[in-house]
Amino acid sequence: MPGGIGTEEEIWDALGKSYLSTYSGSDDNAIKQVILVNINGHYDSFMTRLDDMIASGYASAEARKMVKIVSTGEEVLQALDQLYEDGPEQIHGMIGNISNKKQQPKP
């Protein structure tokens, strides 16, 4: 969801950690994805900055795959369904601490 400076810092932090773990040779080197709900174009400039980093060689094209842009709550659920084998219901369990089952992203 759109937010201020703290929200953007947290997004960059999540992307940075995922990006570095992908190339560090860690056991958990699958590409993680950040889903941004781009209401009223709030994250357009964020994506422009990321694309500029890639074009300038400061990030690889893989970094772009780590960000999914959506516009509605329904699209968030669809994106989660694509990422997780058991669909959005599995995520709701994770968020509410209902399920202790380890979640596995789809390959």
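Let's see how each residue does on (1) at pLDDT below 85; (2) touching a Pro at 6+ places or on another chain (Cβ under 6 Å); (3) not in a helix (DSSP H, G or I):
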{"position": "GLY6", "(1), (2), (3)": "yes, no, no"}
{"position": "ILE11", "(1), (2), (3)": "no, no, no"}
{"position": "SER18", "(1), (2), (3)": "yes, no, no"}
{"position": "SER21", "(1), (2), (3)": "yes, no, no"}
{"position": "SER26", "(1), (2), (3)": "yes, no, yes"}
{"position": "MET47", "(1), (2), (3)": "no, no, no"}
{"position": "GLY57", "(1), (2), (3)": "no, no, yes"}
{"position": "ARG64", "(1), (2), (3)": "no, no, no"}
Query - Selection from the range 28-40 of residues that are open to solvent by 30 Å² or more (accessible area, probe 1.4 Å), assigned to a loop (DSSP other than H, G, I, E, B) and modelled with pLDDT of 80 or more - result: GLN33
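Among the residues of the range 61-74, count how many are over 13 Å from the mean Cα position of the chain (by Cα) and touching a residue at least 12 places away in the same chain (Cβ under 8 Å).
As a first pass, look at the range 61-74 and keep what is over 13 Å from the mean Cα position of the chain (by Cα): 61, 71-74.
If we keep only those that are touching a residue at least 12 places away in the same chain (Cβ under 8 Å) too, we end up with 71-73.
Final tally of qualifying residues: 3.
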Requested in this report: Looking only at the range 80-102, decide whether some residue is modelled with pLDDT of 85 or more, of a type in the set (D, E, K, R), surrounded by 11 or more Cβ atoms within 10 Å (Cβ to Cβ) and outside any loop (DSSP other than H, G, I, E, B).
Outcome: no
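The values are calculated or read from the model by the stated rules, or taken from the named source; none is laboratory data. These figures come from a predicted structure and were not determined experimentally. So basically every Cβ, Gly included, is an ideal-geometry build from the backbone, and we count neighbours across all protein chains shown. Ligands, DNA and RNA are excluded from the accessible area calculation, which covers all protein heavy atoms including side chains. Shrake-Rupley method; radii C 1.70, N 1.55, O 1.52, S 1.80 Å.
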